[in-house]
Structure formats: structure tokens, C-alpha cells
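Working notes, structure below.
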Amino acid sequence: MDGPFPNSVSTVEKCRKLQKIVSTEDKLAILIHADPDAIASAFALKRLFWRKVKKADVVRINKIERADNLAFINLLNLKQPHIRNYKTTEVTKWAIVDSQPNHNPEFDKFRFDIIIDHHPVSANLAGAFIDIRPDYGANSTILTEYLQASKIKPSPRLATALFYGIKTDTNSFARGTASNDMNAFRHLYEYANLNIIKKVESSEMTKKTLPSFKLALQRLTVVKRTAVIHLGDVQDAATLVMIADFFMKLAEATCSIVSGILDRKLVVIFRNAGFRRDAGKLARKMFGRVGSAGGHKSMARAEIPLKRIKPKAETAAEIEQYVLNRLKQAGGK
């Protein structure tokens with residue numbers, strides 16, 4: 001297939017073509033970079049192939065560390081082995097959802113028969129079935145439409161996963177979305193378990209992450225409605241993201257800036273909910289000349305090699321002051 005389907009092809013026709021890609025003798029692996037939208041999409045695709053293939057597995061390439069994502073997987077029992085622990089030699093067909101092969105070097109190792117995504121179309125895509133819809137806010141919406149076109153009523157577990165996938169990828173419809181996203185969301189509402197959604201959304205910490213929250217509370221500085229925290233050495237950037245999201249709940253803050261040291265770099269996560277400020281522009285203004293920086297109005301990230309920090313800063317207090325000075329120079333104080 002040369003490129004994605006044109007818009008003129010109906011979802012019903014796409015479902016017919018999709019079923020022709022596999023046979024009852026195939027073992028299908030659905031490969032994902034696991035987040036709620038990708039996970040939900042993968043399990044929906046697995047449901048579409050129920051009794052159509054010998055076996056279908058959902059396999060991930062990344063480690064899942066966010067507390068809410070772990071709660072999402074555990075509460076809905078959405079098991080997916082890591083690719084390192086999966087026997088790839090038995091796979092006869094490969095699918096990828098919510099991503100495209102060139103999005104990660106790990107994907108590039110495989111030849112995909114099925115590609116279903118909602119990100120901008122990459123060059124030189126190849127596959128027997130390619131459905132990419134960049135105007136959709138969530139990949140879960142596409143798979144919900146597939147289920148509807150196939151007249152499949154989703155189980156409460158699958159409906160809840162898809163519902164949450166749409167909710168997270170559209171940021172509860174705060175990001176640009178299509179009417180299709182709203183329609184799919186309304187359709188799934190009838191079947192989803194909203195109590196599980198509430199539990200997942202409130203699961204922001206684990207016993208392992210509690211020390212990071214304690215440290216963040218101790219180091220919190222609020223500067224003109226901006227929560228600024230430096231955590232020092234961190235094991236992964238996910239911790240910084242988690243803390244930045246958490247402190248957006250402060251009534252006094254419309255922006256949060258959380259930093260930490262990872263792999264000899266200062267990693268800074270930005271979150272913004274105000275009207276005036278743009279997180280991406282702020283990140284570039286603060287750190288664009290000394291490292292990589294950018295993002296969107298509501299979220300952004302910067303990475304600065306420690307050797308580029310001038311004057312030299314080594315202690316947590318010195319690096320925190322460096323971030324505060326950069327914020328002041330950018331007009332944030």
C-alpha cells in the first residue's frame with residue numbers, strides 16, 4: 001500500500017480491508033510506545049482480530065513509570081510484555097498503533113503490516129494497511145470507530161480504556177480535537193466504568209515516588225503564580241513531569257517549572273494553564289541559547305548540559321538559583 005487511505009474510503013471499507021490482512025494461522029504482535037491512548041488502541045485492535053488470528057499480543061518498547069499509567073494498566077488488567085521479554089521469532093504479522101515506524105529506533109527493527117496512527121504522516125511509509133488521521137485528537141477515536149463499523153459492543157474494560165485514552169490524549173478536549181473525538185467519547189460513556197477513571201486520575205503517586213513529593217514540597221518556591229522546584233539528581237524525567245503536573249493543582253499557581261539533574265544535564269519541565277504565558281516560548285527564552293528547549297503553550301521541556309551553565313553551579317541551591325535567575329531574565333519575575 002502506497003501511503004495512507006484517502007479520506008474518501010469509509011471506516012466500514014477499511015475494516016473489511018483490515019480483516020483481509022490476517023489469517024487464522026497468523027500470530028500478530030501489536031507494538032506500542034505504551035501510554036493510555038496507545039494501550040487502549042492496541043487492545044481495541046486485538047479485539048477486532050478476536051478469533052480471526054491464532055494469537056494476538058500487545059507488546060511495548062518502553063518502561064512504564066507514571067503512577068497513573070500503572071494504575072490504568074493494573075486496574076484494567078491490560079498486560080503487555082516488554083519487547084525484550086517477547087519471542088519475536090514466532091510473529092507472522094506486525095502492527096503498530098499510535099505511532100509510526102520512524103518515531104523510535106526500536107520500531108525501525110520491524111516491518112509493519114498494519115499502521116494506525118493520528119500523528120502527522122511520515123515520509124516513505126510502507127505497509128499492507130495504513131490508516132493515519134492527523135486531524136483526530138486521539139488514536140483511540142479511530143479504533144472506537146472501527147469497533148462501531150464492525151458492530152462490536154466494547155466490554156466495560158475496553159470501553160474504559162478507550163474512554164481514558166481519548167480523555168488523556170485530548171487533555172480532556174483542551175487540545176485541538178475533531179468532532180469524531182467527541183462522538184467516540186459520547187459513545188464510550190455508555191459502557192465505561194467512570195469509577196475506575198476517577199481512581200486512575202487520582203493515582204498520582206506510589207510508595208516509590210513519595211520521597212520526591214516530600215522533597216518537592218520542601219523546595220517549593222512560588223514566584224508570581226509560578227511554582228518553581230529543583231529536585232537535584234533524579235532517576236528519570238518522568239518524575240519531573242509528575243511533579244510539574246501535581247503542582248499545577250496549586251490555586252496560587254498558573255505555571256510550574258520543575259528541574260532535575262539527569263545524565264549530566266539539567267532537565268526542566270514546564271506546565272502552563274494561564275492565558276498570557278506560553279510554556280514553549282518561555283522555555284526557549286530561558287534556555288534556548290544554552291541547550292535544547294521548546295514545546296507548546298501548555299507544556300514544554302528544556303535540556304541543558306551542565307558544562308554550559310555559567311557561572312558554574314554544582315549544589316542544588318546553586319542550580320535552583322540559576323533557574324530562578326533565568327526566569328527573572330525571561331521576564332517571569
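What to note about this one:
- Cβ-placed point charges (K, R +1; D, E -1), dipole of region 200-322 about Cα centre in debye, nearest 20: 520
- A crude spin-label estimate for the pair D236 and E318, with each label 7 Å from Cα along the Cβ direction, gives 3.0 nm.
- About its Cα centre, the dipole of region 1-132 is roughly 620 debye, where the only charges are +1 on Lys and Arg Cβ and -1 on Asp and Glu Cβ.
- Pairs from K87/K199; K55/K297; K265/K328; K167/K214; K27/K153; K153/K198 whose Cα-Cα separation, in the structure shown, is over 32 Å: K87/K199; K55/K297
- Shape of region 127-199, Cα gyration tensor, a/c cut at 1.5: oblate
- Scanning residues 5 or more positions from L231 or on other chains, those with amide H under 5 Å from its amide H are S259, G260, with H placed 1.01 Å from N in the peptide plane.
- Efficiency of FRET between I64 and Q218 - r from beta-carbon atoms, R0 25 angstrom, step 0.05: 0.35
- Spin-label proximity, D263 to region 227-246 - amide N less than 19 Å from point 7 Å beyond Cα toward beta carbon: 231-242
- The order of the peptides 113-121, 126-134 by mean Cβ neighbours within 10 Å, most packed first, is 113-121, 126-134.
- Packing around the peptides 308-316, 45-53, taken as the average count of other Cβ atoms within 10 Å per residue, puts them in this order, highest first: 45-53, 308-316.
- For region 281-287, 3J(HN,Hα) per residue [Karplus equation, 6.51 cos²θ - 1.76 cosθ + 1.60, θ = phi - 60°, Hz, x = Gly/Pro]: 5, 5, 4, 5, 5, 6, 10
- Amide H to amide H distances under 5 Å link S292 with E303, where only residues 5 or more positions off or on other chains count and H is placed in the peptide plane.
- Taking amide H as placed 1.01 Å from N in the peptide plane, I132 has its amide H under 5 Å from the amide H of F5, D117, each at least 5 places away in sequence or on another chain.
- Karplus (6.51, -1.76, 1.60) ³J(HN,Hα), θ = phi - 60°, over region 138-155, in Hz, Gly and Pro reported as x: 9, 5, 4, 5, 4, 5, 5, 5, 4, 4, 5, 5, 8, 6, 9, 7, x, 5
- Here the gap between W50 and N85, fully extended at 0.36 nm per residue and compared with their Cα-Cα distance, gives a gain of 10.3 nm.
- Peptides 163-170, 17-24 ordered by packing proxy, namely the average of other Cβ atoms within 10 Å per residue, highest first: 163-170, 17-24.
- With 0.36 nm allotted per residue and the present C-alpha distance subtracted, the S179-I152 stretch has 7.6 nm of extension available.
- Efficiency of FRET from Cβ geometry, V290 and E252, R₀ 51 Å, rounded to 0.05: 0.95
- Option label - mean projected area of the Cα convex hull in nm² computed here, alternatives (1) 14.7; (2) 17.8; (3) 21.1: (2)
- Oblate is the label for region 227-291, because a/c, from the alpha-carbon gyration tensor with a ≥ b ≥ c as root eigenvalues, is 1.5 or above and a/b does not exceed b/c.
- Along region 122-127 the Karplus relation, 6.51 cos²θ - 1.76 cosθ + 1.60 evaluated at θ = phi - 60°, assigns HN-Hα couplings of 7, 6, 6, 6, 9, x Hz to successive residues, with x for each Gly and Pro.
- The sum of -39500 (n - 2.57) across all DSSP H runs of n ≥ 4, divided by the residue count of the chain, sets its helix-only mean residue ellipticity at 222 nm to -11000 deg cm²/dmol.
Bear in mind these aren't lab numbers, they're just calculated from the coordinates by the rules spelled out. Because the structure is a prediction, the values reported are computed rather than measured. Backbone-built Cβ (ideal geometry, glycine too); neighbour counts: all protein chains shown.
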